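Beneath this line is the structure, given in structure tokens, with notes to follow.
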């Protein structure tokens with residue numbers, strides 16, 4: 001456990017203890033609105049906004065950190081709905097905001113307390129998916145009951161914490177809807193702010209803000225919902241351990257980016273002399289691709305990196321079956337390895353299509369051959385299907401990139417899908433359909 005997690009644990013313990021002391025000293029009702037039965041548009045608006053924003057933030061984050069939620073996409077959504085529904089049913093009970101925020105910190109600790117390379121939560125699907133009749137990526141072929149039961153209990157705790165997190169939001173929204181003199185107008189405000197929550201989260205993803213921002217914003221809005229200063233201070237202070245737990249390393253050789261589509265982790269690999277020779281890119285903690293330098297100058301300095309002729313590497317092999325200097329379309333160009341291969345083989349025109357802007361930017365900054373900076377390359381940050389429907393260009397070759405988990409440029413050559421232009425783009429569209 002590193003120092004950052006230890007500090008977060010200490011702060012959380014202090015805040016939880018302070019919350020328990022505060023709750024014992026104050027056993028009355030939880031808000032002025034509950035005492036007087038007064039409608040608060042402010043509370044309705046904030047709770048409505050936060051419900052959808054927090055749902056989307058947690059659904060996206062937890063599917064990355066706990067892989068079983070990525071396999072069962074609707075599970076996190078159903079748990080959020082369950083918590084909100086329970087809150088509506090318990091609208092007359094005391095609202096326990098501190099318990100809700102402690103549940104969020106509990107989920108963060110469960111996910112982040114283990115080393116980044118072997119996140120315990122990421123292994124849950126391996127244990128829960130074990131069995132002869134069920135195959136989940138990486139799962140064993142037979143059930144080991146102690147591990148299965150431990151994984152089930154751990155997942156049950158995570159599910160319970162997710163439910164607890166949304167109970168107070170359901171209580172606030174239901175209570176304010178009941179107190180409203182004009183329920184239809186209150187419902188309209190609820191709907192409008194719910195849509196605003198979706199829009200703000202969309203913008204947060206579009207500008208590639210990390211979960212540190214999303215979940216800190218959740219705690220900040222919860223703090224703004226508090227009537228008493230002490231509760232507002234306690235919940236606002238919980239932002240500090242949350243940020244410490246969510247913070248990822250950020251160095252030139254090791255950093256994390258949350259693109260609009262996925263989490264990207266980059267880690268540079270260097271020789272014993274400190275020279276860069278490859279960079280691994282992980283998506284949602286799983287191997288995605290390697291950024292490699294296959295330029296003739298680099299290979300001449302490191303002749304032991306390849307165990308086969310240079311023209312047989314994965315990015316050059318397709319051009320052995322093409323006419324000289326072909327025009328090329330690369331679908332899913334990633335960080336630019338295939339683009340660099342096309343340029344090395346003399347392609348006068350390369351259209352590189354990649355849907356994720358963060359991967360393209362990573363290739364621009366980090367790829368040693370700088371393929372995306374070439375005037376012969378046209379980069380299209382868009383969906384491949386949409387591009388193929390729009391384009392009128394014809395290509396001598398187009399490649400649907402085959403991505404590999406291991407640094408296979410050092411070991412075994414492989415090849416992506418290659419389709420001749422004589423079938424034209426109409427065949428390409430059918431192949432991608």
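Just so it is clear, none of the values below were taken in a lab; they were calculated from the coordinates. Computed from a prediction, not measured in an experiment: that's the story for all the values here. Cβ coordinates were reconstructed from backbone atoms using ideal geometry, including for glycine residues, and neighbour counts include every protein chain displayed.
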Burial order of peptide ranges 329-335, 182-188, 279-285 (average beta-carbon count within 10 Å, highest first): 329-335, 279-285, 182-188
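Peptides 165-177, 216-228, 295-307: what's the order by average Cβ count within 10 Å, highest mean first?
Result, highest mean Cβ count within 10 Å first: 165-177, 216-228, 295-307.
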Whole-percent pair-distance distribution, where bins are 10 Å wide, for the alpha carbons of the stretch 3-247: 7, 29, 34, 20, 8, 2, 0
Cα gyration tensor shape for the stretch 170-232, rounded if a/c is under 1.5, else prolate or oblate: oblate
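I need the Kirkwood Rh of the stretch 187-339: take the reciprocal of the average 1/r across all distinct C-alpha pairs and report it in angstrom.
Evaluated on the stretch 187-339, it is 20.0 Å.
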Euclidean distance between Cα centres, the stretch 53-97 to the stretch 155-218, Å: 10
Average Cα contact separation per residue, the stretch 253-301, under 8 Å, 6 or more apart, as relative contact order %: 25
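Shape of the stretch 45-87 from its Cα gyration tensor (a ≥ b ≥ c, root eigenvalues): rounded if a/c is under 1.5, otherwise prolate when a/b > b/c, or oblate? Walk me through the numbers before you get to the answer.
Details: a/c = 3.54, a/b = 1.70, b/c = 2.09.
Cα axes put the stretch 45-87 in the oblate bin.
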Whether the stretch 254-339 is rounded, prolate or oblate, judged on the alpha carbon gyration tensor where a/c under 1.5 counts as rounded: oblate
